[in-house]
Amino acid sequence: MEDPLRIGASFIDYVLVAVYFAVVLLIGLAARRRISDSLDFFLAGRSLPAWITGLAFISANLGAVEIIGMSANGAQYGMPTMHYYWIGAVPAMLFLGVVMMPFYYGSKVRSVPEFMLRRFGTGAHLVNALSFALAQVLIAGINLFLLASVVNSLLGWPLWVALVLAAAIVLSYITLGGLSAAIYNEVLQFFVIVAALLPLTLIGLHRVGGVNGLIDKVTNAPGGGAEQLNSWPGNELAGFGSSFLSVLGIVFGLGFVLSFGYWTTNFVEVQRAMATNSMSAARSTPIIGSFPKMFIPFVVVIPGMIAGVLVAETASLKAGGDGSGTTYNDAILLLIRDVLPNGLLGVALAGLLAAFMAGMAANVSAFNTVFSFDLWQRYVKKDRPDDYYLKVGRWATVGATVLAIGTAFIASGYSNLMTYLQTLFGFFNAPLFATFILGMFWKRMTATAGWVGLVSGTAAAVTVWGLNEGGVYNLPGQGAAFVAAGAAFVVDVVVSVLVSKATAPKPVAELAGLVYSETPKEQRTDPAASRLPWFRSPVKLAGISLVLVVALNVVFR
Amino acid sequence: MSDSPESRPSAVPRRAGVSDVRNVIGALIGFYGVVLVVMGVAADSAEDRAKTGDVNANLWAGLAMLVFGVLFVLWAWLRPVIVEPDETEPAEDSPM
């Protein structure tokens, strides 16, 4: 039997993919050798305008999970998926730029584990480092699984062979220094992905008869319906029967806890902004990134919706059939198979492979940093020479890749990966965000409260998830993840407050730069900010972005 | 960029050249554009037309990418990033 996922790639498609990777490897090699030109390379990078760092900022996140997960969501639920962008990401990015960034930049705290260590001491640091390492391995598994599914569609190899091959490719990509030039590759990758997704969307729309054709078809499709064309109230997405609860779940669970938690405490993202040369530029980075971010769903979610009515397998899945062994995660790959001719197919494959590989490489290297420095050096073997920890880091990379092959099988069990991913975020990011915000704005919070809050928040999220899995109640959509995140946040805050009341706080003198009220204003403001023209002023840009995103919410309500 | 570090005059600011990310983006997308245009002209088959709904997708997407690539290279060429010899002070004359 012919595998339904098999994509008919031709020689020319492989050439286009190969050229992309050749360019990436050259960038990596130049970065690695640090010859004179490559030094300029990074200098030129530093003096590039903020819109480039803004693009790198969203590109670091526009990986496999986003492209596959959001299009799967689009195919399954339709327009309510837009909430991930217009209620989730964009407001959170603006909050990061306007409120959090001056504090990050001014206090010189470079990462979340570092903040935890200085604010709360070893307990919270150890919990945070362990949960972060675990989350990275689990998420790397998702990326690896997706990468393997592309290899599988291309070559038709069984999943486990494709997994091992994909893992080997990522390992060599990291070893060859692909990450040293991360920001460069991310900007490049952004354009290749758009070059792949924009034609896909336009041709797909053309095939279904334009926007009106898509509206007609989604309304009348089995498993579709008019509610999939409106973003609110999103009952199907959240899995609540009641519209009020659904809106509450989306705004508080998805919008506030999950998205704010993700965007403000994810140090891979925050570091993109820290690489700029002034506080205004750092603040502008997420704000500028929010402009392209709010339009990305049009080339990610819409193709998913098109696949839901155009691709035979996905349409059968929507109608309640078995989809010939495919899942919603395959929606965009199937659409690529059905509408892109050889040539454009190669561009699309290059874009997808690039995104998946970069995503996994980022997870693996984040894991290896935290493992070798935050865990191994601090808690296992102290005071060894530098190259000892480099060696540990190298083994951690190999170990993480092998573990990711295991976690990829967990990921392969979910028919909609976004559900799985949001569940993970609920476990790890939501309590972190609660502890972080509380610790940042409330000087009374104590060291014990730091780690107890984190542990109980995660426990609350796991409990909510377990009850849903165990069938005590049943939320079919992503509602369980939203509720778990909300519970984690609330439990974390309540427990932290109670524990703080019972234990002794840190002396106020040790909190400068760590707690908002104890940080001098000069540390938090940019002296040059008032001289900038309006289009470089972070707050004014954020205002424009906010107006636009509210307009999008209203237009597509 | 063939000059070695030794032969380069150390006090003269110069263009970032090939290492300007806009040139890399322009070259890659422009190259894709050329390949797609050639595919669109030379290898446009009935099977492809059936996939795209009777549009020469390679040709049009290729042309768009070509224009985009040229614009990026032009932009980098007209408003270059100047690399100061002193590596702690990146150029202020950035395009924007």
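Some points to look at:
- Selected residue (only one of A:A481, A:A512, A:A460 is open to solvent by 30 Å² or more (accessible area, probe 1.4 Å) and either free of Cβ contacts under 8 Å to residues at least 60 places away in the same chain or out of contact with any Pro (no Cβ under 6 Å at 6 or more places or on another chain) (or both)): A:A512
- Test set (1) within 13 Å of A:L197 (Cα to Cα); (2) under 19 Å from the mean Cα position of the chain (by Cα) - A:L333 fails condition number: (2)
- Of all residues making up the range A:487-537, the number that are modelled with pLDDT of 85 or more and in contact with a Gly (Cβ under 6 Å, 6 or more places away or on another chain): 5
- Among (1) open to solvent by 30 Å² or more (accessible area, probe 1.4 Å); (2) at pLDDT 80 or above; (3) closer than 16 Å to A:G304 by Cβ - the single one A:K217 does not satisfy: (2)
- Breaking point among (1) at pLDDT 85 or above; (2) over 9 Å from the mean Cα position of the chain (by Cα); (3) surrounded by 14 or more Cβ atoms within 10 Å (Cβ to Cβ), for B:P80: (1)
- Among the residues of the range A:284-304, the one identified as open to solvent by 20 Å² or more (accessible area, probe 1.4 Å), within 14 Å of A:L55 (Cβ to Cβ) and of a type in the set (A, V, I, L, M) is A:I288.
- The set of residues from the range B:21-36 being closer than 29 Å to A:G210 by Cβ and either more than 8 Å from chain A (Cβ to nearest Cβ) or open to solvent by less than 20 Å² (accessible area, probe 1.4 Å) (or both) comprises B:I29, B:Y32, B:G33, B:L36.
- Among the residues here, A:G346 does not qualify as assigned to a helix (DSSP H, G or I), open to solvent by less than 30 Å² (accessible area, probe 1.4 Å) and away from chain B (no Cβ under 14 Å).
- For the range A:373-394, a residue qualifies if it is of a type outside the set (A, V, I, L, M) and touching a Phe, Trp or Tyr at 6+ places or on another chain (Cβ under 9 Å), and the qualifying residues are A:F373, A:D374, A:W376, A:Q377, A:K381, A:Y389, A:G393.
- Restricting the range A:313-343 to residues that are within 14 Å of another protein chain (Cβ to nearest Cβ) and either closer than 15 Å to A:N143 by Cβ or part of a loop (DSSP other than H, G, I, E, B) (or both) leaves a set whose member that is most open to solvent (accessible area, probe 1.4 Å) is A:N342.
- Single unsatisfied condition, B:M39 versus (1) at the interface with another protein chain (Cβ under 7 Å from one of its Cβ atoms); (2) modelled with pLDDT under 70: (2)
- The single condition among (1) closer than 30 Å to A:P303 by Cα; (2) part of a helix (DSSP H, G or I); (3) at pLDDT below 80 that A:F42 does not meet is (1).
Listed here are the residues, each with its yes/no results for (1) under 30 Å from B:A50 (Cα atoms); (2) modelled with pLDDT under 80; (3) open to solvent by less than 10 Å² (accessible area, probe 1.4 Å).
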| position | (1), (2), (3) |
| --- | --- |
| A:S172 | no, yes, no |
| A:G177 | no, yes, yes |
| A:S180 | no, yes, no |
| A:F190 | yes, no, no |
| A:V211 | yes, no, no |
| A:E236 | no, yes, no |
| A:L245 | no, yes, no |
| A:T264 | no, yes, yes |
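- Selection within the range A:425-434 - open to solvent by 10 Å² or more (accessible area, probe 1.4 Å) and touching a Leu at 6+ places or on another chain (Cβ under 6 Å): A:F425
- Test result for A:K318, at pLDDT below 80, basic (K, R) and within 30 Å of A:L202 (Cα to Cα): yes
- Of residues in the range A:372-422 being closer than 20 Å to A:N143 by Cβ and aromatic (F, W, Y), the one most open to solvent (accessible area, probe 1.4 Å): A:F409
The values are calculated or read from the model by the stated rules, or taken from the named source; none is laboratory data. Because the structure is predicted, anything quoted here is derived from the model rather than measured. Neighbour counts run over all protein chains shown; Cβ positions are idealised from the backbone, glycine included. Remember, those area values only see protein heavy atoms, side chains included, never the ligands or the DNA or RNA. Shrake-Rupley method; radii C 1.70, N 1.55, O 1.52, S 1.80 Å.
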